[in-house]
Amino acid sequence: MDTQAKKFVKVRVNASGKRIIGILAIPPPHFRVSDYLNSHDDFLRVKQEKSEIIVAKDAISYLEALEEGEDDGSRPRSGEFHVVTVTLKNHAGTLKGKVFVPRDGTLQASLNKVRRFVNLRDVRFVSSPERYGFLAVGKQEVIMIQETTE
C-alpha cells in the first residue's frame, strides 16, 4: 500500500445527536479510520456533496466506518474479542459489541489506553435492529462498559 496516498472512507457520524454522512480523508501515515480517530488531531473534516463539515472529535458520540482498510502493523497479532455492553451518556440506548483485547492483556488495560475512542466490532443497539460492522465510540460519551457473554 502506498503510505503517502490519502485514503477516502465513507462514514456516518453521530456528533452530539447530529447525524453526518460523508467522506473522511485518512491522511498518511494512518491506514484505518480507528487509527486516525485516535490521532492527536482535534478535528475531522467530513466532505459532503456540496459542503465540508469540520467536526470536533470530542463531540463525536460514535462513528460508523462504512468500510475499513487493512493495516497489518496497527494491531497486535494475537488476542481475543470480548463481548461488552456499553451504556452511553447522551444517547437513548445501549450498545452491545466486541472489543479486541491483546493476549496477556485485560479488558480494563485495553480501555485505559490513551485513545479517544473505543473500537467495537459486530455492534448492535440493544433496543433496535440497527447493526454495525465497526463503530468507534467516543470515550467521553461512555458511562459504563460491562463484559457480558454472547
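The values are calculated or read from the model by the stated rules, or taken from the named source; none is laboratory data. Just so it is clear, the model here is predicted, and its values are computed rather than measured. In this analysis, Cβ positions are derived from the backbone assuming ideal geometry, glycine residues included, and neighbour counts consider all displayed protein chains. Protein only, heavy atoms only, side chains kept; ligands, DNA and RNA dropped before computing areas. Shrake-Rupley method; radii C 1.70, N 1.55, O 1.52, S 1.80 Å.
Could you list all residues from the stretch 32-54 that are closer than 26 Å to Arg131 by Cβ, assigned to a strand (DSSP E or B) and open to solvent by 10 Å² or more (accessible area, probe 1.4 Å)?
Lys47, Ile53
Restricting to the stretch 8-51, what's the tally of residues that are hydroxyl-bearing (Ser, Thr, Tyr) and within 20 Å of Asn90 (Cβ to Cβ)? If you could, list the steps in order and put the result at the bottom.
So the first thing to find is which residues in the stretch 8-51 are hydroxyl-bearing (Ser, Thr, Tyr), and the list is 16, 34, 36, 39, 51.
Subsequent filtering for residues that are within 20 Å of Asn90 (Cβ to Cβ) retains 16.
Going through the stretch 8-51 one residue at a time, the tally reaches 1.
Could you pull out the residue among Gly97, Gly105 that is among the small types (Gly, Ala, Ser), part of a strand (DSSP E or B) and touching a residue at least 12 places away in the same chain (Cβ under 8 Å)? Write out each step before concluding.
Numbers: Gly105 fails: part of a strand (DSSP E or B).
From the options Gly97, Gly105, the qualifying one is Gly97.
If you go through the stretch 92-106 one residue at a time, how many are open to solvent by 60 Å² or more (accessible area, probe 1.4 Å) and more than 18 Å from Pro129 (Cβ to Cβ)? Explain how you work it out, then say what you get.
Residues of the stretch 92-106 open to solvent by 60 Å² or more (accessible area, probe 1.4 Å): 92, 103-104, 106.
Adding the requirement that they be more than 18 Å from Pro129 (Cβ to Cβ) leaves 103-104, 106.
Total meeting the criteria: 3.
Kindly provide the set of residues from the stretch 14-31 that are closer than 22 Å to Phe125 by Cα, among the hydrophobic types (A, V, I, L, M, F, W, C) and surrounded by fewer than 19 Cβ atoms within 10 Å (Cβ to Cβ), ordered by number.
Ile20, Ile21
Kindly indicate the residue of the stretch 107-123 that is open to solvent by 30 Å² or more (accessible area, probe 1.4 Å) and closer than 13 Å to Val84 by Cα and also nearest to the chain's Cα centre (by Cα) among those meeting that condition.
So the first thing to find is which residues in the stretch 107-123 are open to solvent by 30 Å² or more (accessible area, probe 1.4 Å), and the list is 108-109, 111-116, 119, 121-122.
Then keep just the ones that are closer than 13 Å to Val84 by Cα; that gives 108, 111, 119, 121-122.
Details: Gln108: 17, Leu111: 13, Asn119: 5, Arg121: 9, Asp122: 12 Å.
Step by step, filter the stretch 107-123, then rank; the result is Asn119.
Cβ-Cβ distance below 8 Å, separation of 6 or more or different chains: which pairs start in the stretch 18-41 with a residue that is hydroxyl-bearing (Ser, Thr, Tyr) and end on one that is in a strand (DSSP E or B)?
Every condition considered, the pairs that remain are Ser34/Ala65; Ser34/Phe117; Ser34/Asn119; Ser34/Phe134; Ser34/Ala136; Tyr36/Leu24; Tyr36/Ile26; Tyr36/Leu44.
Starting from the stretch 70-83, take each residue that is of a type in the set (Val, Ile, Thr) and in a loop (DSSP other than H, G, I, E, B) and list its partners that are open to solvent by less than 50 Å² (accessible area, probe 1.4 Å) and at pLDDT below 90, counting only C-beta distances under 8 angstrom and pairs at least six apart or across chains.
Nothing qualifies.
Which residue pairs have Cβ atoms closer than 6 Å, lie 6 or more positions apart in sequence or on different chains, and pair a first residue in the stretch 124-150 that is under 13 Å from Thr87 (Cα atoms) with a second residue that is open to solvent by 50 Å² or more (accessible area, probe 1.4 Å) and in a strand (DSSP E or B)?
Arg124/Arg131
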